[in-house]
Amino acid sequence: MPLDTITSKPKLKLAIYWGAACGGCCVSVLDTHEKLLDIVAAADPVFWPIAMDIKYKDVEDMPDQSIDLTLFNGAVRNSENKRMAQVLRKKSKILVAYGACAYMGGIPGLANFFTKEEIFRRAYEESESTLNPEKIRPVPEYEVPEGKLEIPVFFNDVLPLNKVVDVDYYIPGCPPQSERLIEVFTAIVTGAALPPKGSVVGALEKTNCDECKRKKTDNKKVKKFYRLWEIQDDKETCFLEQGVICMGPATRGGCGVRCVEGNSPCRGCYGPPAACSDPGAKMMSAIGTMIDADKPEEIDEIIESIVDPAGLFYRFSLPGSILGRKLS
Amino acid sequence: MNFRPTIVAFLCNWCAYTGADLAGTSRLKYAPNIRIIRIMCSGRIDPTFVLKAFQQGADGVLICGCHPGDCHYQEGNYKCLRRFKLLQKYIAQMGIEKERLQLEWISASEGKQFSELVNNMTKTMLTLGPSKIKSSLEVEYIK
């Protein structure tokens, strides 16, 4: 049933919220273009900070379970994100972790390579554009003559949404493809049978390689890994076979392989495929079979050409991965 | 402090596990800190296994396979070696001491070498102290 034929049903209540996010996920909702009109025909946005003026208190005053669908994008980085995650969990029937950050931590999750202290030192003391001789740091509470000022507490870790509240579904992507959002939204609006709780929706079960149209052979042997700018891409052979690390084998399909279609290797924003919890581990496994050397010194030399395996393999998934963060 | 390290060991069925078995049947004494998981080939070791072991509190992870050229499946141990090297680079980036993950080749006749290996690795873990990986995942402001 197309969205625009639904007129008799009572309108759903929709909330869209951002935690530690860049705003791209909210824009991906707007990227549905004219279909957005169908979305608002079927659902009333009741809370959407990027598009509407509404205060947190108004959300807190809503009855529990009164929001039908909440798309929570962005990771949980501070106490404000956490509080809103808890409020929205209480107020929503379906809570969706929308986008790579809410799903596995995303790009903000790369901050888990550092501690809060390291981040603050860099941001408030060491960065080239900072002039702060008194080394003033933000404090969560500050007394002024007029009363107490409060700002959110910055956590030591970036957390995916499911480490803070119960999550019903995950829609991966950085940002999720708008077409996938419409599919999921249509399913909810039309009352189609929903998948089991905890499912990743709006994406495929298999990897991006299954979807990729580049020429692939079984003979993946690599003597040296290259960064994209170091080679001339022939625009038709599998990136891995050319020695460029492409996250395709460890990444869920569903995006339409848009990066590879644009002649750029997959960066892994859709997270690991079904039945795999840690994309980086899968990638190490895959690359291990491709390295064309048996002697330890030769292997070392080839691995040397992978400059930053942790950052590369966990670009969108560090907080949601098995180890979660760098030890301090 | 009474720290008893836990070492999770993945031993391949054909050489390393048989070697460990020989250590047992030869009544060689070695540190009781090892928890052995038998697998068919060291090439079966998915990096996920190693990371999960660390996540669940292992202080060290030991991988043992057949000597190069001796793999029952031709080249499983070479695949293991490459994955091991990648894992070493990765865990170093994650702030985990490289010594916590070790790879050794043990043949079916090397019971003595196996017992010495376990003793040495246990000693190394005692000097390194308990792994902080599990506690780092228990963030106090969760839920």
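All of the numbers you see were taken from the coordinates with simple rules; none came from a lab. Model, not experiment: these values are computed from the prediction. Methodologically, a virtual Cβ is constructed for each residue, glycine included, from the backbone with ideal geometry; neighbour enumeration extends over all protein chains shown.
At-a-glance table
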quantity: Simple spin-label estimate for residue A:277 and residue A:183 in nanometres, 7 Å along Cα-Cβ; calculated: 2.7
quantity: Whole-Hz ³J(HN,Hα) from phi, Karplus 6.51 cos²θ - 1.76 cosθ + 1.60, for the range B:27-35, glycine and proline x; calculated: 6, 7, 8, 8, 4, x, 8, 9, 10
quantity: Neighbour cut-off at most 15 other Cβ (10 Å), DSSP loop, trypsin sites (Lys or Arg not before Pro), the range A:8-101; calculated: A:11, A:55
quantity: Sparse-neighbourhood loop sites, GluC sites (Glu not before Pro) in the range A:122-221 - DSSP loop, at most 14 other Cβ within 10 angstrom; calculated: A:128, A:134, A:146, A:205
quantity: Length-normalised contact order for the range A:128-240 - Cα pairs under 8 Å, 6+ apart - percent; calculated: 18
quantity: The range A:115-155, Rg to Rh (Cα coordinates; Rh as Kirkwood inverse mean 1/r); calculated: 1.05
quantity: Placed amide H near residue A:271: partners under 5 Å, 5+ positions off or other chain; calculated: A:252
quantity: Long-range HN-HN contacts of residue A:158 with modeled amide H, under 5 Å; calculated: A:112
quantity: Spread of Cα-to-Cα distances over 10 Å intervals beginning at zero, given as percent, for the range A:123-245; calculated: 9, 19, 18, 23, 21, 8, 2, 0
quantity: Rg ratio (alpha-carbon, reference 2.2 N^0.38 Å) - the range B:7-137; calculated: 1.00
quantity: Inter-label distance, nm, simple model (7 Å from Cα along the C-beta direction), residue A:121/residue A:44; calculated: 5.2
quantity: Length-normalised contact order of chain A in % [C-alpha pairs under 8 Å, at least 6 apart]; calculated: 18
quantity: Of A:154, A:144, A:36, farthest towards positive along the dipole that unit charges on Lys, Arg, Asp, Glu beta carbons give the range A:1-159; calculated: A:36
quantity: Estimated translational D of chain A in µm²/s (Stokes, Kirkwood radius over Cα pairs; 4 °C; 1.567 mPa s); calculated: 60
quantity: Residue A:234-residue A:94 pseudo-label distance in nm [points 7 Å out on the Cα-to-Cβ vector]; calculated: 4.6
quantity: Which of A:239, A:114 has the fewest Cβ neighbours within 10 Å, and the rest in rising order; calculated: A:114, A:239
quantity: Listed residue pairs exceeding 27 Å between alpha carbons, taken from A:215/B:79; A:55/A:135; A:55/B:134; calculated: A:55/A:135; A:55/B:134
quantity: Set of the range A:107-141 residues, backbone N closer than 18 Å to the point 7 Å along the Cα-Cβ line of residue B:132; calculated: A:111-121
quantity: Phi-based couplings in Hz for the range A:135-142 (Karplus 6.51, -1.76, 1.60; Gly and Pro marked x); calculated: 6, 6, 10, x, 10, x, 10, 9
quantity: Charge-dipole axis of the range A:208-313 as Lys and Arg at +1 and Asp and Glu at -1 on Cβ define it, positive-most pick from A:257, A:285, A:303; calculated: A:257
quantity: Within a Gaussian network of chain A (alpha carbon springs, distance under 10 Å), most fluctuating of A:286, A:100, A:193; calculated: A:193
quantity: Charged-residue dipole, Cβ positions (Lys, Arg, Asp, Glu), the range B:7-137 about Cα centre, Debye nearest 20; calculated: 340
quantity: Under-5 Å amide H pairs with residue A:226, H placed in peptide plane, nonlocal only; calculated: A:244, A:245
quantity: Farthest toward positive dipole pole in the protein assembly as shown [+1 Lys/Arg, -1 Asp/Glu at C-beta], among B:11, B:51, B:86; calculated: B:11
quantity: Rg in Å to one decimal, and Dmax rounded to a whole Å, for the range A:279-328 via C-alpha atoms; calculated: 12.4, 35
quantity: Karplus-derived 3J(HN,Hα), 6.51/-1.76/1.60, for each residue of the range A:28-45, Hz, glycine and proline x; calculated: 5, 5, 5, 5, 6, 6, 5, 5, 4, 5, 5, 4, 6, 6, 9, 9, 8, x
quantity: Residue A:141/residue A:51 FRET efficiency (R0 25 Å; Cβ-Cβ; nearest 0.05); calculated: 0.20
quantity: Trypsin sites (Lys or Arg not before Pro) lying in DSSP loop within the range A:167-238, provided at most 10 other Cβ fall within 10 Å; calculated: A:197, A:213, A:235
quantity: Sites residue A:219 and residue A:199 - FRET efficiency at Förster radius 35 Å, r taken between beta-carbons, to 0.05; calculated: 0.45
quantity: Rounded to the nearest 20 debye, dipole of the protein assembly as shown from Cβ charges on Lys, Arg, Asp, Glu; calculated: 1140
quantity: Two-site FRET efficiency, residue B:108 against residue B:35, from Cβ-Cβ distance with R₀ of 25 Å, rounded to 0.05; calculated: 0.75
